[in-house]
Amino acid sequence: MIKRFLSKALFVFTLLILTGCSNNKGNCIQNISVGTHSNNELKIQIDVTTSTDAEVYIEYWRDAVGIKGKMTSSITPNGKTHSLVLCSISPETNYNYQVITIQDGEKNTSKIYTFKSRKLPEWLQKEFKASCPNPKLLPQNFKKGFMLLSKRETPGVAYIIDYKGNLRWYHTVEGTGFKVSRFTDDQSILSILGKNDEPTSYGSEILEINLQGDTLTHIKKGQGDFKQVIHHEIIKKSTTEIVTLFVDERITDLTAIGGKKKDTINGDGIIILDKKGKQLWKWSVFDDLDPMKDKALLKTKKDWMHANSLNYDKDGNFIISFYNNGQIWKVNAKTGKVIWKLGKGGTITMPANCQFSQAHAAHINQEGSLMFFDNGVDIKQSSVFAMNVEEKSNKATLDFHVQLPKEVYNDRMGSAYMIDKETVLCCCSKRHITVLANKKGVLLWTLESQIPPYRVQFIAEDKLKPFLLN
């Protein structure tokens, strides 16, 4: 007996299985319901009821590919009601699936059932357009991998796409936008959420979801020690510790330089919170710099340093970049002491070919070099730098420098990540374009997007298994 019905734009059909097996441990499935998970067209939810306690999982495959392309869901805990989410779903595609029950180690496989996924909503159908003159020049790991980017305006959307520009996964939030998003080693997406009236990369909520779209952590400003506006970066120190940048507001007497008696200087800091919002560690740029020494303070006080990225160095200390002073700092993650400063007026000596103006997405790449996207405001040309910083001698040497074509010059935001030894993935946010370039600056691939992503993170194929497969 099959019933089909529509509810709140969800497609659902229910199979009532009339056979039971409470005594013989055979086919104990009583009921199967199929629909979308959280109204997401790329996640299918199958609810299974069994007559006796059992563990359940599902094997499914595209009808056109056959059982050789079989995918497997996670296994539910022992019980009678089971909810399973199928990922790596393609729109408007016929699927076959079987339900497997496990009782006392004994597996029982159902007959083959079918469903057809629906097409994507119209507003998601033309978000991305990929172009590649010669696909043979693209690295294999790039073709097999995926990219994470997000929409900062409401309703917020986090997208995972493949190199062809196909949308492979998405998650939406109402009332806020994904100001910053990052894929973690825990196979989750950690984000800063903010409303439209909050500045571009600033927000007041922390959200972590898994690839099935379930909420793992959601903290709002005002909970626990989370009292500040956070911005530009969010990473993990461990499974239970979240690290982000915050706005450090200091009420200061600026009458000596023509300001107010109770004026406000907005600096930046690093804060570590647990998943309930308890503060575990905090550092502020005010711990190292005296703002009164800034001759342009009356002009810069509203956004004095503008920190825009934060990551860990190989030794576990912090790497933080600042847009306004054109520097990258290394900060001791225990004491808060600044170890070195790279850039204009910094403590690290740089060769002439290492000069940069503003850095974004500073991180340690897979070769062990300090890598970042340089907006190149001084010369109106963006580029990618990879440097080796020798702390004992306070010197930096150039690993490589990729100058991007002037046509994709990007004066604000942006990111750059290595794909392999010869190519880098660069997000030129203001241009609504992401490019794959070789080290000579030749564009091998481009992605046009309807949104201006703050950054685009490459995710290797193995990092997303078994939730997304090619």
Give the long-range amide H neighbours of VAL180: residues separated by 5 or more places, or on another chain, with amide H under 5 Å away, using H modelled in the peptide plane at 1.01 Å from N. ILE192
Under 5 Å between amide hydrogens, which residues at least 5 positions from GLU390 or on another chain qualify, with H placed 1.01 Å from N in the peptide plane? LYS395, ALA396, THR397
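Going by accessible area, probe 1.4 Å, with all protein chains left in place, what is the ranking of LYS334, LYS43, LYS221, largest first?
Result of the area sort, largest leading: LYS334, LYS221, LYS43.
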In the stretch 164-263, the GluC sites (Glu not before Pro) that fall in loop regions by DSSP, at most 16 other Cβ within 10 Å: GLU174
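Run the accessible area of the chain with a 1.4 Å probe and give the carbon-and-sulfur part as a rounded percent. Mind dumping the intermediate values first?
Numbers: 10170 of 21110 Å².
Its accessible area is 48 percent carbon and sulfur atoms.
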In sequence order, what are the phi-derived ³J(HN,Hα) couplings for the stretch 302-312 according to the Karplus relation 6.51 cos²θ - 1.76 cosθ + 1.60 with θ = phi - 60°, rounded to whole Hz, with x for glycine and proline? 6, 7, 4, 10, 6, 5, 9, 7, 8, 8, 9
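Under a 1.4 angstrom probe, counting protein chains only, how are VAL384, VAL338 ranked by accessible area, largest first?
Values: VAL384 0, VAL338 25 Å².
Result of the area sort, largest leading: VAL338, VAL384.
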Report the one residue of LEU124, ILE234, ILE364 whose Cα lies farthest in the direction of the positive end of the charge dipole of the chain (charges on C-beta: Lys and Arg +1, Asp and Glu -1; origin at the Cα centre). LEU124
Can you compute 3J(HN,Hα) from phi for each residue in the stretch 373-379, using the Karplus curve 6.51 cos²θ - 1.76 cosθ + 1.60 with θ = phi - 60°, rounded to whole Hz and x for Gly and Pro? 8, 9, 4, x, 4, 5, 10
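Report the local net charge at TYR97: Lys and Arg +1, Asp and Glu -1, summed over other residues whose C-beta lies under 12 Å from its C-beta. Let's see the in-between values first.
On the way: positive: ARG62, LYS70, LYS111, LYS116; negative: GLU59, ASP63.
With Lys, Arg at +1 and Asp, Glu at -1, the neighbours total +2.
Based only on Cα atoms, what Rg/Rh ratio does the stretch 181-335 have, Rh being taken as Kirkwood's radius?
My calculation puts Rg/Rh at 0.99.
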Pop a pseudo-label 7 angstrom from the Cα along the beta-carbon direction at both ASN353 and THR335 and give the gap in nm to one decimal. 3.6
Per residue, accessible area of the stretch 36-101 with a 1.4 Å probe, heavy atoms of protein chains only, in Å², comes to 39
Taking amide H positions as placed in the peptide plane 1.01 Å from N, state which residues far from TRP340 in sequence (5 or more) or on other chains have amide H under 5 Å from it. LYS330
What does the charge count around TYR57 come to, taking other residues whose C-beta lies under 13 Å from its C-beta (Lys +1, Arg +1, Asp -1, Glu -1)? 0
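Ordering ARG62, ARG182 by how much accessible area each has at a 1.4 Å probe, largest first, what is the list? Intermediate results must be reported in sequence, preceding the final value.
Details: ARG62 95, ARG182 40 Å².
From most exposed to least exposed: ARG62, ARG182.
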What is the local net charge at LYS392, summed over the other residues whose Cβ is closer than 14 Å to its Cβ (Lys, Arg +1; Asp, Glu -1)? -1
For the residue pair SER131 and THR184, what label-to-label distance in nm results when each label sits 7 Å from Cα along the Cα-to-beta-carbon direction? 3.8
Between (1) 373; (2) 166; (3) 126, which entry matches volume of the Cα convex hull per residue in Å³ as derived from the coordinates of this structure? (2)
DSSP-defined antiparallel bridges as percent of all bridges, the stretch 323-470, nearest 5: 95
Which whole-Hz ³J(HN,Hα) couplings does the stretch 135-140 yield from phi under the Karplus relation 6.51 cos²θ - 1.76 cosθ + 1.60, θ = phi - 60°, glycine and proline marked x? x, 5, 7, 7, x, 4
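The values are calculated or read from the model by the stated rules, or taken from the named source; none is laboratory data. Every value quoted in this text rests on a predicted model; they were computed, and no experiment measured them. In this analysis, Cβ positions are derived from the backbone assuming ideal geometry, glycine residues included, and neighbour counts consider all displayed protein chains. We work out accessible area using only protein heavy atoms, side chains counted, and drop any ligands, DNA or RNA first. Shrake-Rupley method; radii C 1.70, N 1.55, O 1.52, S 1.80 Å.
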